[in-house]
1. In the range 270-303, which residue that is assigned to a loop (DSSP other than H, G, I, E, B), modelled with pLDDT of 95 or more and in contact with a strand residue (DSSP E or B) (Cβ under 7 Å, 6 or more places away or on another chain) is farthest from residue 71 (Cα to Cα)?
2. Restricting to strands (runs of 3 or more DSSP E) lying wholly in the range 1-63: which have 2 or more residues that are farther than 15 Å from residue 73 by Cα and touching a strand residue (DSSP E or B) at 6+ places or on another chain (Cβ under 9 Å)?
3. Criterion first (buried (at least 22 other Cβ atoms within 10 Å of the Cβ) and part of a loop (DSSP other than H, G, I, E, B)) does residue 257 satisfy it?
4. Let me spell it out: the conditions are (1) outside any helix (DSSP H, G or I); (2) crowded, with 23+ Cβ neighbours inside 10 Å, and residue 147 meets all of them except one. Which number is the exception?
5. Could you check the range 75-104 and list, in sequence order, the residues that are modelled with pLDDT under 80 and either outside any strand (DSSP E or B) or under 16 Å from residue 121 (Cβ atoms) (or both)?
6. The conditions are (1) surrounded by 14 or more Cβ atoms within 10 Å (Cβ to Cβ); (2) touching a residue at least 24 places away in the same chain (Cβ under 8 Å); (3) out of contact with any strand residue (DSSP E or B) (no Cβ under 7 Å at 6 or more places or on another chain), and residue 214 fails exactly one of them. Which is it?
7. Answer yes or no as to whether residue 318 is outside any loop (DSSP other than H, G, I, E, B), more than 16 Å from the chain's Cα centre (by Cα), without any contact (Cβ under 8 Å) to a residue 40 or more places away in the chain and surrounded by 14 or more Cβ atoms within 10 Å (Cβ to Cβ).
8. From the list 94, 133, exactly one residue is within 24 Å of residue 192 (Cβ to Cβ) and touching a residue at least 24 places away in the same chain (Cβ under 8 Å). Which is it?
């Protein structure tokens, strides 16, 4: 892999998001094949912020897998740890949008390439300052063991570790297994981005401050915890400091795919830039405003990987 050290290395799923694109002349629904997958969505936004990034995962050596490989490479993300599998097909997700921009997913993932990543295939990952992974890498074997090995390896190297539960109930064999594996992921990370529904799933609390307090007590290893609440805004918790910032509600939402990943990337960028030892309330407020603005902008376009906003667009929104 050479001696290059990246800012962020992410491991996980890389897939095609088929998003609704109107109807055909025959009245059939049309879907656009957008590159997707939470970890690469995060890296795509980090590239927009000027970070050097690398990805580790697996796609099929098929039409969609080659499309994904080329799309990721075109963004400048290192793909030397992306495995092209000649046997298993690329994972697909069909996304149906509700009028409010929310989504319903149908996954074609069983026995597909991303879950076939093995422990042997993560032994030569490049070096980085931060390692990011998500809950979908823990749903089943062999990718679960590969992820656990990768986390163990980067922890030994002292990397900053970021985790996003990214709960998709349909991809878990049971809620109990999902809770068990997400709990393990949270126990391994230094920073975490968690959504409001995931807070309730793990703690039983709809009050996000109470839920966050439970998670912080349960996982003292998490030094920076961010909670996203969609249109309500977001929270950041660091030591005794807790900050809230409202979302940007300016209309024009096309779909919300990638909004959480965009926010997560901004959180990681902030942690890599400033570290986790000397944060301030003002700094955390600035981080949340920036992340909320970026997340809003990505909802005004279709897809995620190819729709991430430029830093200048975010800053322009913040100044408006």
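1. 279
2. Values: elements: 5-11, 15-23, 29-36, 53-60.
So the answer is 5-11, 15-23, 29-36.
3. Judged against the criteria, residue 257 is a match.
4. (1)
5. If the condition is that a residue be modelled with pLDDT under 80 and either outside any strand (DSSP E or B) or under 16 Å from residue 121 (Cβ atoms) (or both), then 98, 99, 100, 101, 102 are the ones that fit.
6. (2)
7. yes
8. Sole residue among the options that is within 24 Å of residue 192 (Cβ to Cβ) and touching a residue at least 24 places away in the same chain (Cβ under 8 Å): 133.
The values are calculated or read from the model by the stated rules, or taken from the named source; none is laboratory data. Remember, predicted model here, so these are calculated numbers, not experimental data. Please note: Cβ atoms are built from the backbone with ideal geometry, for glycine as well, and neighbour counts cover all protein chains shown.
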